[in-house]
Amino acid sequence: MDSIDTIFALSSGTLPSGVAVVRISGPHCRAVVLAMVGSLPEPRQARLAPLLHPVSGELLDRGLVLWFPGPASFTGEDCAELQVHGGPAVVGAILAALGCVAGLRLAEPGEFSRRAFLHGKMDLTELEGLADLIASETQVQRRQAVALANGALRQKLDRFRDRIAGLRALVEADFDFSDEADVVDSVAEQVWPECLVLADEINALLADGNRGEIVRSGFQVVLAGRPNSGKSSLLNALAQREVAIVSAEAGTTRDILEVWLDIDGMKVCVADTAGIREAEGLVEREGIRRALDRVGLADLVVWLTEDGVGPGPDVVIACDDLLVLASKDDAGTHGACGVSVVRPNGMENLLGALRERLATFHSVGEVSLVSRQRHRVHLLIARDLLVAAGVSDPVPTEVRAEYLRSAGDEIGKMTGAIGVEELLGRIFAEFCIGK
């Protein structure tokens, strides 16, 4: 599969920099490298060479040139990388020179990765892992993304799909050769119990408490409580800067304020919300509504109150994990339930509770492979189809075989082996130009 256009882009990020990398991929790559360098370097070996304008012959820079002939390249096409000085003028001149060559154009976001997918170099789960790796901000995110980009999920899915294909072959044999004397009666009866075994294995993959999605998007903490309960002061202390306005006036916080933290390598979002009470003003009522909505999305709600007592019957906190802390505990009278932004180590109770909850996410060697809602949806459908195929209800064998085929297709949609064209634009839009 050869693309008509040859694409190029700066792949190394913001300028100026010590070194900038310009990537080229496509059928005209060989010709443009010859025009700029004079001869091709040995494959995958860097050569220091003058870089000339491919049309005018002007010396643009002197840098390293790497040549990756297809299909043994990232995209599967002929590729080259020019490692040049990272000045804006240098890079601008090289990009402008490449744009002068017929058949070359600037790459779109994620287009190199898209070509890698189209040439079978990576599947969708690996590409999603690569996108997450580029966007990773913490070590836990990096570990998860590396596992996905290196094919950990793809390998597991390929094994699922191969086993489903084997089961389908047994069913087809039962259909086609049931009258032959040397075919065991009801071969397909071996299939249905194995469908339930597969469904259990998918269940085990899904039973991770949404760890993968939480690692990818961040652990969500919401500070909630009555007005003037110390939420904004605590947010400022965690951020170590003035994020929220602190005032003795009740109802100061109206909108949701966020701070992103890196705690033990885990990305954590802490949100300050409006104080919850019976409010008369429209603006404050809207702030309280938003606060309660955000509470419903939280992985942990920290309820702050000066007396250390949780929300009363007039406040419904819809969350699975509620931590009640006595705020403004400057004297330390509330012990393990107190928190203070003034007292030395006054926030250790909160930070300790957070670290305890985050511990399951940053165990070295243990990463969740289901990192996106898309993965979870396809796996849930595949599991349900396998269960429907495996149950002993009086369902015709032809229908059960169709359930089995559809389960395999759902797995194929995860890797990109089947009908995912509508997903490609969304997935590759996550990448920057040059990747």
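Results, tabulated for the structure shown:
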quantity: The listed residue being within 30 Å of ARG285 (Cα to Cα), in a helix (DSSP H, G or I), among the hydrophobic types (A, V, I, L, M, F, W, C) and at pLDDT 90 or above, out of LEU153, LEU235, LEU133; calculated: LEU235
quantity: Verdict on ILE381 being touching an Asp or Glu at 6+ places or on another chain (Cβ under 8 Å), at pLDDT 90 or above and either part of a helix (DSSP H, G or I) or more than 20 Å from VAL197 (Cβ to Cβ) (or both); calculated: yes
quantity: For ASP293: the one exception among (1) over 17 Å from VAL222 (Cα atoms); (2) open to solvent by 40 Å² or more (accessible area, probe 1.4 Å); calculated: (1)
quantity: Residue, nearest to the chain's Cα centre (by Cα), within the stretch 97-113, restricted to residues that are under 20 Å from PHE74 (Cα atoms) and part of a loop (DSSP other than H, G, I, E, B); calculated: GLY110
quantity: Single condition PRO43 does not satisfy, out of (1) of a type outside the set (Lys, Arg); (2) closer than 13 Å to LEU98 by Cα; (3) open to solvent by 30 Å² or more (accessible area, probe 1.4 Å); calculated: (2)
quantity: Residue within the stretch 414-426 that is crowded, with 16+ Cβ neighbours inside 10 Å, over 28 Å from GLN220 (Cα atoms) and at pLDDT 90 or above present; calculated: yes
quantity: The stretch 16-38, residues that are part of a loop (DSSP other than H, G, I, E, B) and open to solvent by 50 Å² or more (accessible area, probe 1.4 Å); calculated: PRO16, PRO27, HIS28, GLY38
quantity: Those residues of the stretch 297-328 which are loosely packed, with under 15 Cβ neighbours inside 10 Å, under 33 Å from the mean Cα position of the chain (by Cα) and among the β-branched types (Val, Ile, Thr), in sequence order; calculated: VAL316
quantity: Residue that is modelled with the lowest pLDDT [pool: residues in the stretch 385-399 that are surrounded by fewer than 16 Cβ atoms within 10 Å (Cβ to Cβ) and in a helix (DSSP H, G or I)]; calculated: GLU398
quantity: Where THR333 falls short, out of the listed (1) buried (at least 17 other Cβ atoms within 10 Å of the Cβ); (2) among the polar types (S, T, N, Q); (3) over 30 Å from ALA207 (Cα atoms); calculated: (1)
quantity: Test for VAL171: is it modelled with pLDDT under 65 and surrounded by 15 or more Cβ atoms within 10 Å (Cβ to Cβ); calculated: no
quantity: Candidate set from the stretch 214-229 (those that are assigned to a loop (DSSP other than H, G, I, E, B) and closer than 19 Å to ILE288 by Cβ); member that is most open to solvent (accessible area, probe 1.4 Å); calculated: ARG226
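The values are calculated or read from the model by the stated rules, or taken from the named source; none is laboratory data. The structure presented is a predicted model; accordingly, all values stated were derived computationally and were not measured. Cβ coordinates were reconstructed from backbone atoms using ideal geometry, including for glycine residues, and neighbour counts include every protein chain displayed. When the accessible area is computed, the model is the full protein with side chains, heavy atoms only, and any ligands, DNA or RNA have been set aside. Shrake-Rupley method; radii C 1.70, N 1.55, O 1.52, S 1.80 Å.
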